[in-house]
Amino acid sequence: MWKTIVSYIPDGIVFVQALVILIVPIIIYFTSKWLQSALGTRPSEDTPTENKSEENTPENGKAETEATLSFTGKYEADLASIKKKIAKNCDVHFREFTMATGKKAAIIYVEGLYDKELIEVQVMKSLMFDDAEETEKPSDDTKKSSDDTKITKTYLMNKMLPISEIREALNLQELISDILVGSTAMLIDGIVEVLLLGSATGKTRSIEEPLSEGLLRGPRVGFTEILSDNTAVLRRHGKNESLEMIKFQVGTRAKKDLVVAYMNDIVNSELLEEVKRRIEAINMDYLPESGYVEQLIEDNTLSPFQQAQNTERPDRVINSLLEGRVAILLDGSPFALIVPVTFSMLLQSPEDYYERWIPGTLLRMLRFLATFFALFAPALYISFISYHPGLIPTKLVMSIIDARQGVPFPSLIEALIMETSIEILREAGVRLPKPIGPAMGIVGGLIIGDAAVNAGLVSPFLVIVVAVTAISSFAIPSYSAGITLRLLRFLAMFSAAVLGAYGTILFFLLLFSHLVKLKSFGVPYISPAVPYRLDDWKDFIFRLPFKVMKRRPLMMKTKDSDRKK
Amino acid sequence: MFTRTDDKITTAQTVVIISCYMLGSGVLTLPRTLTERVKTADGWISLILGWLIIMLAGICIVKLCQQFPGKTIYQFVQEIVGSWIGSCLSMLMILYFVAISAFQIRVMAEVTMLYLLESTPIWAIVMSFMWIGLYLITSGINSIARLFEIILPITIIVLLICMFLSSKIFDINNVRPVLGEGLFPVIRGLKTTILVFLGYEIMIILPAFMQHPQKGVKALIIGTSIPLVLYLITFIMVVGALSVDGVVRSTWPTLDLMRSFEITGLLFERFEFFLLVIWIMQIFSTFTITFYAGSLGLAQLFQKNIQPIMYGLIPIIYIVALLPKNMNELFDFGDFVSSVSIYLFGLLPVLLLLITKIFKKGAVKEDG
C-alpha cells in the first residue's frame with residue numbers, strides 16, 4: 001500500500017516544473033500590471049477632475065488675474081501692454097491709424113494668418129472713410145454712455161463693421177492667444193473692449209481623394225487638415241438635424257480643437273458620456289495627430305490591436321455615425337477616429353455597400369481569407385516543413401524537399417530571412433518618392449527574390465508563400481490593422497518554429513483569448529462574431545441586401561434600432 | 001465604462017459552453033470504449049439511452065439551481081445540508097473539476113506527443129497550454145463563453161467534413177444487424193456512454209451567470225444534443241468503416257479512421273491533422289471550463305478573490321496531470337474520476353432537490 005503511494009510521488013523535477021509553471025504567469029501578471037500602470041494612459045476615474053478644472057472652471061482661477069490684465073480703455077496703455085507681451089514676435093504686426101472721427105485705433109494681426117481682404121476692405125475702409133456721416137445720427141445711443149466716447153462697442157458692431165465673425169476679448173491673456181491663432185484684434189481709443197475680427201485663413205490644402213483608402217466606386221472626398229472643412233464635409237451629407245458636434249480643447253500647452261460628432265437620437269448616451277469623459281481626461285501638452293488621441297483614450301495599451309478606427313473618408317464616418325458610433329475629429333489631422341471599433345470593421349470597405357450585395361459578399365470573404373493567410377501562411381509553412389511533412393501530399397512534399405535541397409538553414413531562419421527583407425522593402429517603399437518606389441519594388445522583390453533562390457538561400461516554395469502573405473496583407477483595407485497582422489505573423493512563426501502545428505494552434509487560441517477579452521469602449525472587439533446575434537451577422541462575413549438589413553447593430557445598443565420608418 | 005446589460009451569459013452561450021465541455025477527449029476514444037463494452041455495433045443505441053439518462057440528471061441539477069437564483073452550488077449547498085457537509089461536498093466537486101482538467105491535459109499531451117511532436121518533452125506541451133488557459137480564464141466566464149462560441153462552429157464544421165470524407169470507406173454491413181444480440185449489450189454500454197456525456201454537470205454553476213436562468217432546461221437540452229449528434233455520427237462512421245474488431249484494437253480509432261484513407265486531388269490527402277486541430281481546441285475548452293469551475297468553487301468556498309486561486313491551482317493541476325505513469329493508468333484514472341461523477345452529479349442533486357422540496361428551502365417559493 002505505502003509502496004504504491006510512494007511510487008506515485010513524482011520526481012523532484014516535476015515539482016520544479018510545477019514551480020516554474022506557477023512563477024512565470026505570476027511574473028507576467030505583475031509585469032503587465034506594472035506596465036499598464038506605467039504606460040497605460042488609460043483614463044482612470046480620478047484623473048479627469050484635475051484636468052477639468054483647468055478647462056471648465058476658468059472663473060475661479062482667472063478671477064484675480066482678470067483684474068490685473070483687463071483693459072483700461074486708455075489706448076496708449078492698452079497698446080503698450082499688448083506690445084510688451086507679443087511685440088517680440090517678428091510675425092506680429094501693429095498697424096496704427098486714425099479713424100475718421102479722429103480717434104486713434106490699431107489693428108494687430110499675425111502675418112500669413114489674418115484675413116487680409118476682410119480687414120482691408122471691410123474694417124479699415126469703413127473706419128477710415130465712412131465714419132463721418134454715420135456718427136451724427138445715433139446721438140440718442142451715445143448720450144447714455146460716457147460723454148467723450150461717441151462710438152461705443154455696440155455701435156461699432158451694429159453699424160460700422162459689416163462682418164459676421166466678431167467677438168470681444170475679455171482679458172489680455174485671451175486676446176493674445178486669439179491673436180496668435182489668427183484673429184485680428186482691434187483697439188480703439190476710448191473703448192474698453194478689444195474686438196476680435198475674423199479668424200485664421202492660413203494656406204490650406206484642397207479636398208482630395210484620400211490616399212490611404214482609395215476606392216474605385218464611391219465619393220472621391222477625403223478629410224483635410226482643417227477642422228472646419230471636415231465638419232463642413234460631414235454636415236454636407238444630407239439634411240439631418242440629429243448630427244451633433246461638440247467641441248473640446250485638448251492639449252495643455254498648445255490647445256487644439258477637437259470635435260466629437262454623433263447622431264443624438266441614435267447614439268447610446270452612456271457611450272457618448274464615456275467618450276467625453278476620456279477626452280476630458282487627456283493630459284498631454286500637445287497633440288499633433290489624431291493618433292495621439294487614439295492612444296490616449298484606448299482601453300488596453302498593451303494590446304497589439306488598435307481600439308479606434310482611423311479613416312480619411314467622410315462617407316465611412318457618416319455610415320458609422322448612423323450605426324450609433326461616435327466620431328472624433330482633431331484639428332490638424334485628416335484622420336477621423338471612429339469608436340467603438342470591432343475587428344470586422346477593419347476588414348470592411350465602404351465599397352462593399354456601394355457594389356451589389358453578391359460581389360460585396362465575395363470581397364468580404366476574400367478579405368477574411370486574406371487575413372488568415374497574412375497571419376498564418378508562413379507559420380503553417382514552417383510547421384509543415386519542419387515538423388509534419390507527412391501531412392502534405394506526397395508529390396508536393398517531394399518537390400518541396402527537392403527545392404530545399406541546397407538550403408542550409410532550418411525553415412524558421414529561411415522564412416525569417418525572406419519575411420524580414422520583405423518588411424524592410426515595404427518600409428523603404430513607403431518613404432521613397434513616387435518615381436523611385438516602383439523601381440525599388442522591382443529591384444527588391446523580383447531581383448533579390450530570384451537571386452536568393454538561385455544562391456540557395458531560400459527555397460522557391462517559400463518565396464511563393466512570402467509573396468502570397470505580403471499580397472494578402474495588402475488586401476486589408478485598414479493600414480493600421482495591416483501592421484498589427486504583420487507583427488502577429490512573426491509571433492505565429494516563432495510559435496510554429498518551437499512547437500510545430502501544435503504551437504500554431506496554441507497561438508491561434510492565445511490570439512483569440514486575447515481578442516475575446518479585448519473591448520473597445522465596452523463593446524467586445526470580436527463582435528459581431530460572438531456573442532451570437534443573428535441580426536448583426538447580416539453585415540459581417542456576408543453583406544446581405546439592404547432590404548434585409550433593417551436594423552442597426554445590436555451591439556451598439558442604440559436608442560433607435562430601426563433603419564426604416 | 002460603457003456599462004452593458006449583457007454582462008451575464010446568454011442562453012446561446014450556455015448551450016455552447018455545455019457542448020464544448022462535453023466534446024472532450026471522447027471524440028477520439030468513444031468508438032473504442034463503447035465497442036469494448038457493447039461488443040456489437042449497437043453502441044449508438046446506448047448513446048441515445050445514455051443521453052436520455054444524463055438529461056434527467058441534468059434537469060435535476062437545473063431545477064435545483066433554479067431554487068437558488070443567482071447562486072452557484074458552492075454557495076447554496078451549505079444552506080441545504082448545513083455548513084460542514086456542504087463544505088465537504090463543495091470540496092469534492094472542486095477536486096472532481098481539478099481532476100478532470102488534469103486528466104484532459106494529460107490526454108492532450110499524450111496524443112500530441114504521439115501524432116504531432118514526437119520528441120518534445122511533456123512539460124513544454126503542458127505548460128504553454130496551461131498558461132494560455134490561465135490567460136483566458138482570468139477574465140471570467142464571459143470571455144470563456146465568447147471563445148467557446150468561436151471554437152464550437154469550427155469544430156462542428158471540421159468534424160462533419162472529416163466524417164463526410166470518410167464515407168468513402170464506410171460499409172453499412174459493419175453496423176448491421178441492429179440489436180442482433182438483443183438489448184443486453186446495449187445496457188452494458190450505458191455506463192460508458194454516461195461517462196462520455198459528462199459535462200452537463202457544469203450546470204451547477206452556469207445558471208447563476210445566465211441572463212435568463214429560467215431557460216436553463218432548454219439550454220441543457222440543446223447543449224447536450226449537439227454532442228449527441230456529433231458522437232452518433234462519429235460512432236457510426238468509425239464503426240462502419242473500421243468494423244467492430246478494428247475499432248477495439250486501436251487506441252484512438254477516430255484518428256485511425258482519418259489515417260486509413262487518402263483523398264487525392266485535394267490540397268491535403270490526409271485529414272487527421274484537421275481532426276487533431278479541432279480536438280486540441282476542444283480539450284482546451286474542457287480544460288478551461290473545469291479549471292474555472294474549480295477555482296470558482298475554491299473562491300466561493302473560502303470567500304477569497306478568484307485570481308490568486310487560479311494561479312495557485314496551476315501547479316496542482318500540473319502535478320496531478322503527471323501522476324499517471326502510462327496510458328493504461330491514465331485511462332483508469334479517467335474512469336475512476338468519471339464514476340465518481342455519477343454519484344456526485346447524478347445521485348447527489350436528486351437528493352439535494354428532495355431535501356429542498358421537503359424542507360421548503362431556497363428563495364423560490366412555488367406554492368406560497
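Scanning region B:26-59 for residues that are over 24 Å from B:Gln282 (Cα atoms), hydrophobic (A, V, I, L, M, F, W, C) and modelled with pLDDT under 85 gives B:Val38, B:Ala41. Counted as qualifying within region A:385-476 are the helices (runs of 4 or more DSSP H) with 2 or more residues that are more than 30 Å from B:Ser260 (Cα to Cα), namely A:411-431, A:437-441, A:449-454, A:460-474. The set of residues from region A:324-371 being more than 20 Å from A:Tyr525 (Cα to Cα), outside any helix (DSSP H, G or I) and free of Cβ contacts under 8 Å to residues at least 60 places away in the same chain comprises just one member, A:Arg356. Restricting B:Val244, B:Val238 to residues that are crowded, with 21+ Cβ neighbours inside 10 Å and more than 30 Å from B:Cys88 (Cβ to Cβ) narrows the list to B:Val238.
For the residues A:Ala451, A:Ala492, A:Ala455, A:Ala439, the requirement of being touching a residue at least 12 places away in the same chain (Cβ under 8 Å) and of a type in the set (A, V, I, L, M, F, W, C) singles out A:Ala492. Exactly one residue out of A:Ile448, A:Ile476, A:Ile464 is farther than 24 Å from A:Gln309 by Cα and touching a helix residue (DSSP H, G or I) at 6+ places or on another chain (Cβ under 9 Å), and it is A:Ile448. Filter region A:386-399 down to residues that are more than 8 Å from chain B (Cβ to nearest Cβ) and modelled with pLDDT under 85 and give me whichever is farthest from A:Ser495 (Cα to Cα). Filtering region A:386-399 for residues that are more than 8 Å from chain B (Cβ to nearest Cβ) and modelled with pLDDT under 85, the one farthest from A:Ser495 (Cα to Cα) comes out as A:Lys395.
Can you tell me which residue within region B:320-361, out of those that are in contact (Cβ under 8 Å) with a residue 12 or more places away in the chain, within 14 Å of chain A (Cβ to nearest Cβ) and in a helix (DSSP H, G or I), is farthest from B:Thr251 (Cα to Cα)? Step by step, filter region B:320-361, then rank; the result is B:Val320. Among the residues of region A:508-549, those identified as at the interface with chain B (Cβ under 9 Å from one of its Cβ atoms) and in a helix (DSSP H, G or I) are A:Phe508, A:Leu509, A:Leu510, A:Phe512, A:Ser513, A:His514, A:Leu515, A:Val516, A:Lys517. Selection of first residues in region B:305-318 that are at the interface with chain A (Cβ under 8 Å from one of its Cβ atoms) and of second residues that are among the β-branched types (Val, Ile, Thr) and open to solvent by 30 Å² or more (accessible area, probe 1.4 Å), restricted to Cβ pairs under 6 Å at least 6 apart or on distinct chains, gives the following pairs, ordered by first then second residue: B:Tyr311/A:Ile26.
The values are calculated or read from the model by the stated rules, or taken from the named source; none is laboratory data. None of the values given here were measured: they were computed from a predicted structure. All Cβ positions, glycine included, derive from the backbone under ideal geometry; neighbour counts span all protein chains shown. Please note that ligands, DNA and RNA were not included when accessible areas were found on the heavy atoms of the full protein model with its side chains. Shrake-Rupley method; radii C 1.70, N 1.55, O 1.52, S 1.80 Å.
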